[in-house]
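Chemist: Sharing a structure here in structure tokens format.
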Amino acid sequence: MMAHESKTGAAVLAAGFGERMKDCGRPKPLVRVGGLTLLERTVRTLRAGGLEGPVVVVVGHRAEEVARFCEERELAVRVVENPDYPRGNGTSVLAAMDHLPERFVVSMVDHVHSPESVRRLLAHRGEFVAAVDSRPLFADPAEATRVRLEDGEVVDFGKGLAPYDALDAGLFLCSRGVLRKLAGEEDGPLSWNELKRRWLAQGGRIEAVDLDGAPWTDVDTPADIERAVDAILTWAAAGNDGLVSRHFNRRLSRRMTRRLLDAPVTPNHVSLASFALAAAGALSILRGQKKTGGALLQLSSVVDGCDGELARARLESSPQGGVLDAVLDRWADALVISALALSNGAARTLGYPALAGALLVSYTRARWEATIGKIPRNFTGVGATRDVRLALLALGASLGKPALTLGVVALISNAEVVRRLAGL
């Protein structure tokens, strides 16, 4: 057995006509959504969700263009052409089957998902598993395939099904053994839904994995692209925001990130821009331009949220980028706190405890996660988070109260460090 045979693979169905997207001027798999083509986004999502086996992209309509794109972008995929694609996407699944391990994911190229949805699917071990959503937030029930469930299994599905319990999310987990039982010799239409119906008719079970409101949607028309970007930015937001980020910064950073998605800008560029704004704010404070300095500090905090959003939205997060962002944040904190301490005689003695507390909040979290595991949420969502500290520093600078501000930052930061140590 080859090494990849024990790993789950994936068939990405990218052969259809995509008639309703023809005004975009390119094959549907190559339509850009949130800074990536649908094809790139699908492949990256599968990998980010933990898929380790081979990925097969099945092409048909405008096959040469899609295949050439895969080659030019050096996508780590195998392209398989399906000459029978006009008969339906069921033929594409069968065309991919012999190029994949025994167990594999079937993914529609026009469905936008988060890596978490893929992780949920891969965690199940059933013969045939379907991702469904009982609480869709972005997908249109009028357009999506509806699903009826009984005891956690799919028992019926269809576009106009009523009543229904969930929507088909376009992600499945199955095996070659199952599909071999379903393949026929007929020359007529053969959709993926028809193959699923055959499986149910033979007494097979389709287990349901409920995504339960996870952000996903399908992209059938140009009008769907904006809704897909909304879904992407929803899961791209960090899950450990502090008070200021949740209620203020994210409202602005998501708008900025949306504009950056298709721009020739990397997350590292955004990290550097945030640092530059903080440095400019520190310099303004030293020059006595307190309100300007405060405004630049808060703007830096907003932009600081964009680098992570951009990296997650484009599925290009990297350990190197995370390290760079963390180092730049610490340098920025040191510059800002030092500037406030040097701006006023009474504030100088408070510079050290404020800076020590700010650095140790970040350090204790990093060490906790490196040695113990993910830090509990109750240690990340209170007043000592960086967004709150920067907001306090910006406000204190604007009001000309450096000593009071540094005292408050020192108090809440060091209190949080002690609280974490006590919680070990």
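Residues checked against (1) closer than 23 Å to Val57 by Cβ; (2) in contact with an Asp or Glu (Cβ under 6 Å, 6 or more places away or on another chain); (3) acidic (Asp, Glu):
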{"site": "Arg103", "(1), (2), (3)": "yes, no, no"}
{"site": "Ser114", "(1), (2), (3)": "yes, no, no"}
{"site": "Ser117", "(1), (2), (3)": "yes, no, no"}
{"site": "Asp133", "(1), (2), (3)": "no, no, yes"}
{"site": "Val154", "(1), (2), (3)": "no, no, no"}
{"site": "Gly158", "(1), (2), (3)": "no, no, no"}
{"site": "Asp168", "(1), (2), (3)": "yes, no, yes"}
{"site": "Leu179", "(1), (2), (3)": "yes, no, no"}
{"site": "Glu186", "(1), (2), (3)": "no, no, yes"}
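Chemist: Among residues belonging to region 366-398 that are among the aliphatic types (A, V, I, L, M) and out of contact with any helix residue (DSSP H, G or I) (no Cβ under 8 Å at 6 or more places or on another chain), point out the one that is surrounded by the fewest Cβ atoms within 10 Å (Cβ to Cβ).
Modeler: The extreme case among them is Ala370.
A quick yes/no check of all residues on (1) within 21 Å of Lys181 (Cβ to Cβ); (2) basic (Lys, Arg); (3) touching a strand residue (DSSP E or B) at 6+ places or on another chain (Cβ under 7 Å):
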{"position": "Glu71", "(1), (2), (3)": "no, no, no"}
{"position": "Asp84", "(1), (2), (3)": "yes, no, no"}
{"position": "Ala95", "(1), (2), (3)": "yes, no, yes"}
{"position": "Pro101", "(1), (2), (3)": "yes, no, yes"}
{"position": "Phe104", "(1), (2), (3)": "yes, no, yes"}
{"position": "Gly126", "(1), (2), (3)": "yes, no, yes"}
{"position": "Thr145", "(1), (2), (3)": "no, no, yes"}
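Chemist: Can you tell me which residues in region 141-196 are assigned to a loop (DSSP other than H, G, I, E, B), in contact (Cβ under 8 Å) with a residue 40 or more places away in the chain and surrounded by 14 or more Cβ atoms within 10 Å (Cβ to Cβ)?
Modeler: Ala144, Thr145, Ala183, Leu190, Ser191
Chemist: Follow-up. For Leu94, state whether it is touching a residue at least 60 places away in the same chain (Cβ under 8 Å) and surrounded by fewer than 24 Cβ atoms within 10 Å (Cβ to Cβ).
Modeler: So Leu94 fits the description; yes.
Chemist: Then there's this: Hey, among the residues in region 127-140 that are in a loop (DSSP other than H, G, I, E, B) and crowded, with 17+ Cβ neighbours inside 10 Å, which one's farthest from the chain's Cα centre (by Cα)?
Modeler: Phe128
Each row is one residue, and each column tells you yes or no for (1) modelled with pLDDT under 95; (2) on the phi < 0 side of the Ramachandran plot; (3) assigned to a helix (DSSP H, G or I); (4) not polar (S, T, N, Q).
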| residue | (1), (2), (3), (4) |
| --- | --- |
| Ser274 | no, yes, yes, no |
| Ala280 | no, yes, yes, yes |
| Gln298 | no, yes, yes, no |
| Ser301 | no, yes, yes, no |
| Gly322 | yes, yes, yes, yes |
| Trp331 | no, yes, yes, yes |
| Arg365 | yes, yes, yes, yes |
| Ile375 | yes, yes, no, yes |
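Chemist: I'm trying to understand the selection: among the residues of region 239-261, which are touching a helix residue (DSSP H, G or I) at 6+ places or on another chain (Cβ under 7 Å) and assigned to a helix (DSSP H, G or I)?
Modeler: Selection gives Leu243, Val244, Ser245, Asn249, Arg250, Leu252, Ser253, Arg254, Met256, Thr257, Arg258, Leu260.
Chemist: To continue, here is another question. Would you call Ala236 of a type in the set (A, V, I, L, M, F, W, C), surrounded by 18 or more Cβ atoms within 10 Å (Cβ to Cβ) and modelled with pLDDT under 95?
Modeler: Answer is yes for this residue.
Chemist: Working only within region 200-214, note down all residues that are touching a Leu at 6+ places or on another chain (Cβ under 7 Å) and at pLDDT below 95.
Modeler: Correct list: Gly213 only.
The values are calculated or read from the model by the stated rules, or taken from the named source; none is laboratory data. Predicted model only: the values in this text are computed from it and were never measured. Backbone-built Cβ (ideal geometry, glycine too); neighbour counts: all protein chains shown.
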